[in-house]
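Structure first, then comments.
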Number of protein chains: 2
Amino acid sequence: MHGNYGCDMRGMLSFQILWLLSRRSMHGEEIAEELEKRRGEKPKPGTLYPALKDMNEKGLITGNKKGKIIVYSLTSNGKKSVKLAREYFIRSFGDILGA
Amino acid sequence: MHGNYGCDMRGMLSFQILWLLSRRSMHGEEIAEELEKRRGEKPKPGTLYPALKDMNEKGLITGNKKGKIIVYSLTSNGKKSVKLAREYFIRSFGDILGA
DNA sequence: GATGTAATATAGGATACCCTATATATTTAT
DNA sequence: ATAAATATATAGGGTATCCTATATTACATC
């Protein structure tokens with residue numbers, strides 16, 4: 001189990017990354033810090049970087065290398081994806097926030 | 001990949017079940033139908049029932065058999081869990097729902 | 001009581017998401 | 001130049017969440 005919530009709260013990392021990148025372009029460490037703010041814990045490199053690699057290979061994000069950092073942005077497919085995925089997310093979980 | 005959202009939207013099934021049961025006690029088929037309303041697709045029996053079994057073994061829910069149906073309710077641990085997990089969920093995803 | 005339907009259950013397989021540990025590349029500090 | 005710190009990357013392992021397919025149990029209908 002992950003965290004001390006009684007139930008498993010893993011999931012939708014790639015969606016959350018897409019969401020963050022839809023607000024502004026970021027490099028890996030910045031993404032990790034944003035996730036830490038929300039989740040309470042910073043994802044380990046072995047969690048984050050394979051996810052970014054996978055999303056890049058799927059054409060959702062694109063990386064722009066500047067020295068040792070790589071700034072990621074959404075591709076047009078990534079933008080379409082985050083729009084659709086957010087609609088699904090709200091349909092699925094919207095009432096949890098409202099109540 | 002699951003659904004046509006570009007990114008994987010699996011996750012937190014047990015949390016969603018806890019949330020549904022915090023509104024009212026239900027049996028498996030009712031839970032499946034509530035999930036279908038939200039997700040657009042009904043989880044297959046091979047998805048739902050192992051999850052319920054697991055949650056029961058973890059002491060989050062308890063089942064009351066009435067003929068061929070089993071009505072599930074939250075245990076006190078389940079109630080604590082859904083409260084904590086909901087706080088985590090809102091911290092993690094609240095801005096997605098709000099924006 | 002035999003047949004069919006509804007509800008639950010189990011077996012087995014795939015993938016995303018998590019981790020720990022280790023490695024590489026670039027920048028910064030000494 | 002050497003060392004330390006930062007950012008990214010890979011290898012390998014565990015679990016939840018999904019699936020398809022099959023089986024069981026209880027109720028309903030004839």
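Some notes on this structure:
- Residue in segment A:2-13 that is farther than 21 Å from A:Phe89 by Cα and in contact with a helix residue (DSSP H, G or I) (Cβ under 6 Å, 6 or more places away or on another chain) present: yes
- Annotation note: of A:Ala85, A:Ala99, the sole residue that is at pLDDT 95 or above and within 13 Å of chain B (Cβ to nearest Cβ) is A:Ala85.
- Of the set (1) within 15 Å of the chain's Cα centre (by Cα); (2) closer than 17 Å to B:Arg91 by Cα, all apply to A:Ala51 but (2).
- Checked across segment B:56-65, the condition of being facing chain A (nearest Cβ under 8 Å) and open to solvent by 70 Å² or more (accessible area, probe 1.4 Å) holds for at least one residue.
- Where B:Phe15 falls short, out of the listed (1) within 11 Å of chain A (Cβ to nearest Cβ); (2) of a type outside the set (Gly, Ala, Ser); (3) surrounded by fewer than 18 Cβ atoms within 10 Å (Cβ to Cβ): (3)
- Qualifying positions in segment A:73-99 - in contact (Cβ under 8 Å) with a residue 40 or more places away in the chain, out of contact with any Ser or Thr (no Cβ under 6 Å at 6 or more places or on another chain) and open to solvent by 30 Å² or more (accessible area, probe 1.4 Å): A:Lys79, A:Arg86
- Of all residues in segment B:1-16, those that are under 16 Å from A:Met55 (Cβ atoms) have Cβ atoms under 7 Å from Cβ atoms of residues that are open to solvent by 40 Å² or more (accessible area, probe 1.4 Å) and aliphatic (A, V, I, L, M), 6 or more apart or on another chain, in B:Tyr5/A:Leu84; B:Gly6/A:Leu84; B:Asp8/B:Met1.
- Inter-residue pairs, beta-carbon under 7 Å, first closer than 16 Å to B:Met12 by Cα and of a type in the set (S, T, N, Q) and in segment B:47-66, second open to solvent by 30 Å² or more (accessible area, probe 1.4 Å) and within 12 Å of DNA strand D (Cβ to nearest atom), 6+ apart: none
- Looking across segment A:8-67, the residues that are part of a loop (DSSP other than H, G, I, E, B) and more than 26 Å from B:Lys83 (Cα to Cα) come down to A:Arg24, A:Ser25, A:Lys44, A:Lys58, A:Gly59, A:Leu60, A:Gly67.
- Residues that are free of Cβ contacts under 8 Å to residues at least 12 places away in the same chain, within 12 Å of chain B (Cβ to nearest Cβ) and over 22 Å from A:Tyr88 (Cα atoms) were ranked within segment A:18-39; the one that is surrounded by the fewest Cβ atoms within 10 Å (Cβ to Cβ) is A:Lys37.
The values are calculated or read from the model by the stated rules, or taken from the named source; none is laboratory data. Since this is a predicted model, take the numbers as computed values, not measurements. Here Cβ is always computed from backbone atoms with ideal geometry, including for glycine, and neighbour counts include all displayed protein chains. When the accessible area is computed, the model is the full protein with side chains, heavy atoms only, and any ligands, DNA or RNA have been set aside. Shrake-Rupley method; radii C 1.70, N 1.55, O 1.52, S 1.80 Å.
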